[in-house]
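S.K.: I have a structure here, written as structure tokens, and I will follow up with some questions on it.
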């Protein structure tokens, strides 16, 4: 009886679990009715008690928060932190007016598109153009998908590498009137040494040093909250490469950037980042390629 009451009390404090109580209570009765009091019933009672303990929320293992939390000024555009360093005497109304005028009002939507499948055997970038699958189907399907969203896109920026440029021009057919801009900063590379390391890909340290600085510069140029002068939400497309996109996602979400290689992206996939006026970042989709038939999916 004492054991059954203890079980009821424990489960009652935790919010209750009738199934656990019934099972343990039934086990207790069988022990009590077995005619084996004392040491003979302890192992079974102890096992039943462990079941109860395992069911208690305060005894479950919790994952501690890691890192230093969210940095509101991650893009150095937080209005509260803006200033020229000069001490100017201003009254409270003037301070409030200046702060209000420096606050972004619009949301930026950034669509990161990975280029379509390309010829891995090409001799240098110029020969690494899209394969028939990448050109005739994947890029076409991605363009159709972007057009079907019914969004008025503001600009389409693409890497200057052949495979990204070709993908951009195919997609642009479905987005008439959208300006195309090329950018060297978006070229593929090795952003930062991945953790854990992989054996099949080991760039020289100098490549991380050079590519990493360039890709970080691309991140700072394109991934940030809206300018205070921007009045309406914007929708921007960036067509580039898997390593660049994965690194951008980690940086934007303030995840450890060295984890970028843990994510996989299909060719022609769509990753959608949203940056709110207050600097909050949301990942709307990562590597979406559900608009392609399964037999058209590749990751080269």
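We did not get these values from a lab; they are worked out from the coordinates using the rules stated. Bear in mind the structure is a predicted one, so any value in this text is a computation, not a measurement. Glycine gets a Cβ as well: all are built from the backbone with ideal geometry, and neighbour counts include every protein chain shown.
S.K.: Within the bounds of the range 250-264, is there any residue that is touching a residue at least 12 places away in the same chain (Cβ under 8 Å), in contact with a helix residue (DSSP H, G or I) (Cβ under 6 Å, 6 or more places away or on another chain), under 23 Å from residue 180 (Cβ atoms) and not in a helix (DSSP H, G or I)?
M.R.: No: the range 250-264 contains no residue that is touching a residue at least 12 places away in the same chain (Cβ under 8 Å), in contact with a helix residue (DSSP H, G or I) (Cβ under 6 Å, 6 or more places away or on another chain), under 23 Å from residue 180 (Cβ atoms) and not in a helix (DSSP H, G or I).
S.K.: Continuing with this model, one more query. Of all residues in the range 226-236, which are out of contact with any helix residue (DSSP H, G or I) (no Cβ under 7 Å at 6 or more places or on another chain) and in contact (Cβ under 8 Å) with a residue 12 or more places away in the chain?
M.R.: 226, 227, 230, 231, 232, 233, 234, 235, 236
S.K.: Quickly run through the range 176-218 and pick out the residues that are under 20 Å from the mean Cα position of the chain (by Cα) and assigned to a helix (DSSP H, G or I).
M.R.: The answer is 186, 212, 215, 216, 217, 218.
S.K.: Within the range 219-249, count every residue that is part of a loop (DSSP other than H, G, I, E, B), within 18 Å of residue 153 (Cα to Cα) and over 18 Å from the mean Cα position of the chain (by Cα).
M.R.: Counting residues in the range 219-249 that are part of a loop (DSSP other than H, G, I, E, B), within 18 Å of residue 153 (Cα to Cα) and over 18 Å from the mean Cα position of the chain (by Cα) gives 6.
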